[in-house]
1. Of everything in segment 124-134 that's more than 16 Å from the ligand (Cβ to nearest atom) and not in a helix (DSSP H, G or I), which residue is surrounded by the fewest Cβ atoms within 10 Å (Cβ to Cβ)?
2. When segment 566-582 is examined, which residues are found to be of a type in the set (Val, Ile, Thr) and open to solvent by 10 Å² or more (accessible area, probe 1.4 Å)?
3. Quick one: in segment 509-566, which of the residues that are within 16 Å of the ligand (Cβ to nearest atom) and assigned to a helix (DSSP H, G or I) is nearest to residue 839 (Cα to Cα)?
4. For segment 357-397, give me the residue count where each residue is under 30 Å from residue 120 (Cβ atoms), of a type outside the set (Phe, Trp, Tyr) and in contact with a strand residue (DSSP E or B) (Cβ under 7 Å, 6 or more places away or on another chain).
5. Can you name the residue in segment 385-413 that is within 25 Å of residue 240 (Cβ to Cβ) and in contact with a Gly (Cβ under 7 Å, 6 or more places away or on another chain) and, of all such residues, is least open to solvent (accessible area, probe 1.4 Å)?
6. Tell me yes or no: at least one residue of segment 169-176 is touching a residue at least 60 places away in the same chain (Cβ under 8 Å) and away from the ligand (no atom under 16 Å from the Cβ).
7. Do we have residue 137 as at pLDDT 95 or above, open to solvent by 40 Å² or more (accessible area, probe 1.4 Å) and more than 30 Å from residue 418 (Cβ to Cβ) here?
8. If residue 144 passes every condition in (1) more than 12 Å from the ligand (Cβ to nearest atom); (2) closer than 20 Å to residue 270 by Cα but one, which one does it miss?
Amino acid sequence: MSHEFDTKSLGKPRRHKRTATGYLPEVDEQGQEKWPKGDEATWKAGLRGVDSDVPEITKNIVHHVQTTLARQAYNIDDMGAYQATALAVREDLIVNWNETQLTYTKKSPKRAYYLSLEFLMGRTLDNALLNLGMKDKFSEGVNKLGFNMEDVLHSERDAALGNGGLGRLAACYVDSSATCELPVWGYGLRYQYGMFQQLIAPDGSQLEAPDPWLDNSNPWEIPRLDVTVDVRFGGHAEKLEGNRGIWSGGQEVLAIAYDCPIPGSDTKSTNNIRFWSARPRRGFDLQSFNAGNYERAVETSNSAANITNVLYPNDNHYAGKTLRLQQQYFWCAASLSDIMRRFKNTGKDISEFPNLVAIQLNDTHPTLAIPELMRILVDEEDVEWNAAWDIVTRTFSYTNHTVLPEALEKWPVQIFEQLLPRHLQIIYDLNWTFLQAVAKKFPNDVAKMERMSLIEEANGRQIRMANLAVLGSFKVNGVAELHSELVRTTILKDFVDFYGISKFANVTNGITPRRWLDQCNPSLSALITETLGSRAWLKDLYLLKGLLKYEDDVAFHKKWAASKANNKQRLAAYIKSTLGVTVDPRAMFVIQVKRIHEYKRQSLNILGVIHRYLTIKAMTPEERAKVNPRVVLFAGKAAPGYWMAKLIIRLIVNVGKVINSDPDVKGVLTVLFLPDYSVSLAELLIPASDISEHISTAGTEASGTSNMKFCLNGGLLLGTVDGANIEIAEEVGEDNVFFFGHLTPAVEELRYNHRYNPIPVQEKSPALAAVLDNVMSGCYGEASIWEPFINTVRQGDYYLISDDFDSYLNAQAMVDEAYTKDPKEWIKKSINTTARMGKFSSDRAIMTYAEEIWNIEPVKI
Ligand SMILES: *Cc1c(COP(=O)(O)O)cnc(C)c1O
C-alpha cells in the first residue's frame, strides 16, 4: 500500500527564508551594500572575531562549562574540559566559515563538490587549533583552568565515518582544499554508527562492537534543521514523449543537513562537509495509523531512519545489500538537490551549470548522481534530453580506486525496478544510444558491446556502476601512475578505445602534512621548523628538500634520532598501558597497519615472522646475541563478513602469544596485534616506525596512503613494486627503499601456473614449506583452525605468497643489515626520505584536480 504525495516538491529543498549565508546582501544605487536588518552598530557590537587572547579564551571556556554544559569547577573532568574547549573553538570555526561562505556567494566562483560515502576524519580539536594557529594560546588557557592539553585532546572520540584509505583520502582532500583556498564542499552521510569497534577475544578472534560516536553529542557539527530535501523511493515511473518521465508514489524520506566546518591551515578559508541524516518524511503513516495499525505505522518511520544508521564496514569489497543502494541514492539525491538550489540562487541559465559546478565521484558509490541529474534536468527543469546529457557530461568526473573484480559495484536490475524505477528507464535510454554509438565505431564486435553495456546480462541482469560512471564523466582518473595505467589497459580498455586516451588521467593520492606530521609528530615538526627557519614547509612541502643540507650533520643526526626515540617511547607507553606488555624502544620497530585483506598480505608478514622465530630458536645463545632485536606491530580491521581476513588476525594474535612468552627469543623478537586501528592510533604508530611494510601482490594496491604517512615521518619503506610505492621510490631514491617481489606483468602468468602447472611449495620455497608445517604442527593452536588459510597458500596461492616469500626474506635481511651495520647511514636514509616527500602532499593532489579536472580557482577570503 502506498499513498500519493505532491510530486512537484519532491527532490526539491524545502527551506525557510534565510538572512545570513546563501543570499546576497542588497546593494544600493552607489553599489554599497545595505545593512539588511536593524541597527548596524548594535549588530556589529555583538559580532566576534577569532583573534582571542588567553583571558578571552578562558572566559569563553568557563562560559561553556557554566551555561552550555551546566557544570562547575567542582565537577568538571577531562571530558567536560574537552567539550567546553571544543565549543569555544567551534565558535572561531563558525565565524570563519560564515565569512568564507558569504564570500563564495558574493563572488559566485565555479565550485567543486566532492561526493564521498566515507570521510574518515579522526579527531578534530587538535587539527582545528593548529590550523587556526591557536594551539599555544588554548594550551595556556586550558592549563590555567587546571587541565593538561594532551589529556583534553585525548578525551575526543574519533569520527570514523569511513573504512580506510578511501575515506581518509576524502578527509585529507577537504583539509587541502580549505588550505589552498579552493571553493570545495564535501557531501557525505551522517551515520549514527561509524566504523565498528574491534575487540580481540581470548582465542585471538576479532569481535565487533557498535560505534555510537554521537552519544556524547558532536560539537563539530552544525545542525541545519531548515535545510531539508525530500527523497523518494519506489513508486512508479511513467514515460512521456521525448524521453521525459514522471515518477510518483512510493515512500518519501527526509534528508536533513549537518554541516562540518573544515578550517584551512593559516588562512580564514573554512570549507564545509555537508552530511545528510535520514528522517521519516512523516512521523507516521497516517493511513495505517487510522486503520488501527500502530505498529505498522511506526515500522515505516523506522525503515526511513534506518538509511543513515550505519556505515557498511567493507573495504574494497562489494556486498550488494539493498540498504546500501538506498544510502547511495538518498545521499546523491539530497546532494544534487542542494547543489541545484545553490546554482539557481546565482540566477544563471541552466545551460551554465557546468561552468559553475564540478562534481567529483569518489569511486562508483555516487554514480547514481548521473541519472539523478538527468532526471532533474529532463523531468523537472524541462531540458531537452540531448542538452541535458551535454550538461551532465560536462559536470562529472570519476575517480577509480581499484581494479579488483570483487570490489566493482553491480546492482541487480530487479532492485532498481523496485527502488528507482525512473532511474532504470533513464539508464536504459542512455544505454540504447551508447551501444548504438559503440556498434557504429566497432561494427560486428558483439563481445565488445557486451563488455561495455551498462547492463551485464549474465548472472541475472545487473547494472555496472563503473561503466555508467565512465559514460557520464568527462574525466576518469586512477590514484597512482601504475594504477591509472592498469585502469586504462585492463578494466576500462574498451572505453579507452572508444573515447580516446585524453579522457583518462592520473592524480596520484596525497596526504595532509598538517595532520600527518605537524599534529602527529610534534617533536619532528619542531625540529624541521627550527632547521628550516619557518613553518612555510607545511604549506609547500617541497621545502623539506632544505633538510638535505644536514644529511651528514652530526648534531642534526642526533636531534633526528632523538625525535624518533621519543616517538617510540610514546608508543611503548601506550602499549604498556593498553596491553600490559613492555616493549624495548631501542629495538627496531616494524609496523604494518591497514585494513586486513588477503591482497595486502599481512599473511606474508606473519609467515615471515614465524620464519624469523624458527631461525632464532635454532641459534646458539652467542648467535642470538647478534640478532637485530625487532618489535613487529600489526593493526587493522577485517570486514565482519570476511572470514579469511579474520582468520589471519587470529593467526597473528596466536603467533604473538607464543613468541612473546618464549624465553629463547625474549628481547629479540616481540609480535603484537594492537586492537581497534583508527586515525588516532595511526597518529601514534606512524611516527614511531623504523620500517613499515606495504607488501601487496603487485598490481593490487591502487595507491596506498599510509606508505606516504610513514615515509613523511622518516620511517623507511619495505614494499612491493606496487601503487604509490613506485613513485615514493622515484622521489626518495631506490637505495632508500627496500623493494622485493614479482612485478605486475608477471602476476597473470604466475597465477595461471598455480592453477594449471602447480609446483609444490616444498620445491619453490623450502623456507616457506617449513613455516607452513610449523603452523600445522599445532604450536599456535589446533591445525584444523589454520588449515583453511594454509590451504590458500598451498593450493591456488592467488596472492603469490609462495612466489614472493624468498625475495621477502631477502629484503628483510637487507633491512637488518642496513639498520645494524651503519646507524649513521640509516639516519641519513631517514632524513632523505622525509626531505624528498614533497610530492605526496594532498595540496599538490587537490591543486591538480582543481587545475586539470575541475577548472576552479582559489578564492581569497
Ligand atoms: C591512512 C589510513 C589508511 C590507509 O592505509 P593503507 O595502508 O594505505 O591502506 C587506513 N586507515 C587509517 C586509519 C588511515 O589513517
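The values are calculated or read from the model by the stated rules, or taken from the named source; none is laboratory data. Nothing here was measured: the structure is a model prediction, and the numbers come from that model. Glycine also receives a Cβ, built like all others from the backbone with ideal geometry; neighbour counts cover every protein chain displayed. In case anyone asks, the SASA skips ligands and DNA or RNA and just uses the protein heavy atoms, side chains included. Shrake-Rupley method; radii C 1.70, N 1.55, O 1.52, S 1.80 Å.
1. 133
2. Within segment 566-582, 578, 581, 582 qualify.
3. The residue in question is 513.
4. Adding up the residues that qualify gives 13.
5. 392
6. No, because not a single residue in segment 169-176 is touching a residue at least 60 places away in the same chain (Cβ under 8 Å) and away from the ligand (no atom under 16 Å from the Cβ).
7. Taking the combined requirement at face value, the residue satisfies it.
8. (2)
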